[in-house]
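Visitor: Below is one structure. I have some questions about it.
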Amino acid sequence: MSIPARVQTDWRAVLAATFCGVAVAVSIGKVPIAMPQLRAEFGLSLVAAGWVASMINMLGVTTGLVFGMLGDRVGALRMCFFGLAFCAIGGLAAVFADKEMLLLLSRFLEGAGVLCVAVSAPALLSAASIPNDRRFALGIWSSYLPAGVGLIMLLAPLVTPAGGWRGLWWVAIGFALVAGLTLFLCRAAYRLPAPVHADAHAFVAARDALAQPAPWLLALAMASFTVQHYALIIWLPTILKEQRELSPLAVSLLSCLMVLVSVPGTVLGGHLLQRHFRRSNLIAGASLVTGLSGACIFLDLFPDLVRYAFCLVLSFIGALIPAAVLSASATFARTPKQISTLQGLFTQFSNLGPFFGPPIIAMLVSASGSWRDALWVTGSAALIGVALGLRLRAYERG
C-alpha cells in the first residue's frame with residue numbers, strides 16, 4: 001500500500017525531531033563544564049581527560065559516514081530511537097561509574113547515540129514536511145547543536161551546586177527520555193519507505209549519493225565554519241577568565257550568549273533558503289563575514305566590548321553555513337533513503353573543525369605567546385569557505 005502524499009507540514013513532528021537533536025547536544029555540552037570535577041573524582045590525567053572530551057568528535061571524524069549509511073539501511077525512526085537510548089544508557093553508566101575506563105565507555109555510548117540522531121533526525125523532518133516547507137524545517141534542525149550546548153551551559157550554574165557533575169548527567173538523561181517520548185507520540189508523522197535490506201542495493205544507493213560533487217563541497221564548507229567557531233569557543237572563555245579575570249558566572253553567561261546567538265542565525269538561514277536564496281551565496285557571504293570578524297577579534301585592535309560584539313557577529317552570521325549545509329541533504333538525496341548517508345557525510349566533516357582546529361591553534365599560540373596567530377587558522381578557513389561557496393554556484397546553476 002502506497003503512502004499518500006503529505007498535504008501540509010506537521011510542525012509538531014518537526015519540532016519533536018529537532019528536540020531529539022537538542023537532547024543529544026546537551027550530552028555533548030555537559031562534559032567541558034564538568035571536566036574539573038571529573039578530573040578530581042576519577043584522577044584523570046590530561047591525556048585521559050582529552051579522550052573523554054574528544055570521544056564524540058573522534059567518532060564523528062572516523063565513523064560519521066558509516067553511521068549515515070547504517071541509518072539508511074536500518075530506517076531513520078529506529079535509528080533515532082537507538083540514538084536516544086544510547087545517550088540515556090551511556091549517561092546512566094557514567095552516573096554509577098567508579099573507574100576511568102567505565103567513564104570512557106559511557107562516553108563512547110553517548111557518542112554513538114549522538115551520531116545516530118544526527119544522521120537520522122533530518123530524514124524524519126523531511127518526512128514530516130511538505131517540499132515547500134522542507135528548507136525552513138531543516139534550517140530549524142541545524143540549530144540543534146548550539147541550542148543544546150547553550151541550554152546546558154545555562155542550567156549548569158543551577159544544577160552543579162547541589163548535584164555536582166552527576167546532576168548534569170541526570171539532566172541529560174531526562175532530556176533523552178523526554179525526547180524519546182515526544183518522538184514516539186509523533187511517530188505516525190514520519191512516514192518513510194520500508195528500510196533497505198542489507199544487500200548490495202543499499203551500498204549502490206549510498207555510492208550514487210556520494211558520487212555527486214556538491215555534497216562534498218558542502219561538507220568541506222561545514223568544516224571550514226566549525227574550525228572558526230570552535231576557535232572562538234576556545235578563545236573567549238580563556239581570555240575572559242585568564243586575561244580579564246572575570247567571575248566564573250560572567251564567563252559562563254558571556255560564553256553561553258555567544259553560543260546561543262547561533263540559534264536565531266540558523267533559523268534566519270532556513271528562512272532565507274525558503275525564500276530561494278542560493279546556498280552557495282549564503283556560504284560565500286557568511287564565510288567572508290566570519291573571516292573579517294575573526295580578524296577584528298584576534299588582531300587585538302579594538303576594545304574588549306567591540307571584540308565581543310564581533311564574537312556575536314561571527315557566531316550569528318556563521319550559523320547561516322550549517323543552515324545551508326545541513327538542509328541540503330533533502331535536496332541532493334535522489335531518494336529519501338539517501339538522506340542519512342549525506343547527513344553522515346556532513347556530520348563527519350563538521351567534526352573536523354573541533355578535532356583538528358584547536359590543537360593546531362594551540363601549537364601556534366603556544367609558540368608565539370599571542371592569540372593573534374590563531375588568525376592564520378581561522379582566516380585560512382574563512383577563505384576556503386568563500387572559495388567553496390563560489391565553486392558551489394556552478395552546480396546550483398546546473
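Visitor: Scan the range 254-291 residue by residue and report those that are buried (at least 23 other Cβ atoms within 10 Å of the Cβ) and among the charged types (D, E, K, R).
Guide: 279
Visitor: Hey, any hits in the range 185-194 for a residue that's part of a loop (DSSP other than H, G, I, E, B) and among the hydroxyl-bearing types (Ser, Thr, Tyr)?
Guide: Looking through the range 185-194, at least one residue is part of a loop (DSSP other than H, G, I, E, B) and among the hydroxyl-bearing types (Ser, Thr, Tyr).
Visitor: Being surrounded by 24 or more Cβ atoms within 10 Å (Cβ to Cβ) and either among the aliphatic types (A, V, I, L, M) or more than 13 Å from the chain's Cα centre (by Cα) (or both) is the filter here; which residues of the range 135-146 pass it?
Guide: 135, 137, 138, 140, 145
Visitor: Of all residues in the range 365-386 being surrounded by fewer than 17 Cβ atoms within 10 Å (Cβ to Cβ) and assigned to a helix (DSSP H, G or I), which is modelled with the lowest pLDDT?
Guide: Result: 366.
Visitor: Name the residue that is surrounded by the most Cβ atoms within 10 Å (Cβ to Cβ), counting only residues in the range 147-174 that are small (Gly, Ala, Ser) and under 20 Å from residue 84 (Cα atoms).
Guide: For the range 147-174, the residue satisfying everything is 172.
Visitor: When the range 312-327 is examined, which residues are found to be touching a residue at least 40 places away in the same chain (Cβ under 8 Å) and surrounded by fewer than 24 Cβ atoms within 10 Å (Cβ to Cβ)?
Guide: 312, 316, 317
Visitor: As an exercise: evaluate residue 247 against (1) touching a Pro at 6+ places or on another chain (Cβ under 9 Å); (2) modelled with pLDDT under 95 and give the number of the one condition it does not meet.
Guide: (1)
Visitor: Could you list, in sequence order, the residues of the range 92-117 that are surrounded by fewer than 24 Cβ atoms within 10 Å (Cβ to Cβ) and either in contact with a strand residue (DSSP E or B) (Cβ under 9 Å, 6 or more places away or on another chain) or among the β-branched types (Val, Ile, Thr) (or both)?
Guide: 95
Visitor: Out of 88, 121, 112, which single residue is over 20 Å from residue 348 (Cα atoms) and among the small types (Gly, Ala, Ser)?
Guide: Only one candidate qualifies: 88.
Visitor: Would you mind stating whether residue 120 is crowded, with 24+ Cβ neighbours inside 10 Å, hydroxyl-bearing (Ser, Thr, Tyr), in contact (Cβ under 8 Å) with a residue 24 or more places away in the chain and closer than 23 Å to residue 210 by Cβ?
Guide: Spelling it out, residue 120 is indeed crowded, with 24+ Cβ neighbours inside 10 Å, hydroxyl-bearing (Ser, Thr, Tyr), in contact (Cβ under 8 Å) with a residue 24 or more places away in the chain and closer than 23 Å to residue 210 by Cβ.
Visitor: Let me ask another. With the requirement that a residue be assigned to a helix (DSSP H, G or I) and among the polar types (S, T, N, Q), what does the range 344-359 give you?
Guide: 347, 348, 350
Visitor: Under 8 Å between Cβ atoms, at least 6 apart or on separate chains: pull out the pairs that start in the range 32-43 with a residue that is loosely packed, with under 14 Cβ neighbours inside 10 Å and end on any residue that is among the charged types (D, E, K, R).
Guide: The qualifying pairs are 43/100.
Visitor: What's the number of the condition residue 226 fails, among (1) β-branched (Val, Ile, Thr); (2) over 23 Å from residue 110 (Cβ atoms); (3) in contact (Cβ under 8 Å) with a residue 12 or more places away in the chain?
Guide: (2)
Visitor: Here's a follow-up. Give the residue, chosen from 389, 353, 385, 379, that is under 16 Å from the mean Cα position of the chain (by Cα) and of a type in the set (Gly, Ala, Ser).
Guide: Being under 16 Å from the mean Cα position of the chain (by Cα) and of a type in the set (Gly, Ala, Ser) holds for just one of 389, 353, 385, 379, which is 353.
Visitor: Among the candidates 364, 352, single out the residue that is of a type in the set (A, V, I, L, M) and within 24 Å of residue 28 (Cα to Cα).
Guide: Among 364, 352, only 352 is of a type in the set (A, V, I, L, M) and within 24 Å of residue 28 (Cα to Cα).
Visitor: If you take the residues in the range 36-51 that are part of a loop (DSSP other than H, G, I, E, B) and not hydroxyl-bearing (Ser, Thr, Tyr), which one is farthest from residue 24 (Cα to Cα)?
Guide: Out of the qualifying residues, it is 43.
Visitor: Could I ask something else about it? Quick one: would you say residue 204 is under 25 Å from residue 336 (Cβ atoms), at pLDDT below 90, out of contact with any strand residue (DSSP E or B) (no Cβ under 7 Å at 6 or more places or on another chain) and assigned to a helix (DSSP H, G or I)?
Guide: yes
The values are calculated or read from the model by the stated rules, or taken from the named source; none is laboratory data. Just so it is clear, the structure is predicted and the values come from calculations on it, not from any experiment. Note that we place each Cβ from the backbone using ideal geometry, even for glycine, and neighbour counts take in every protein chain shown.
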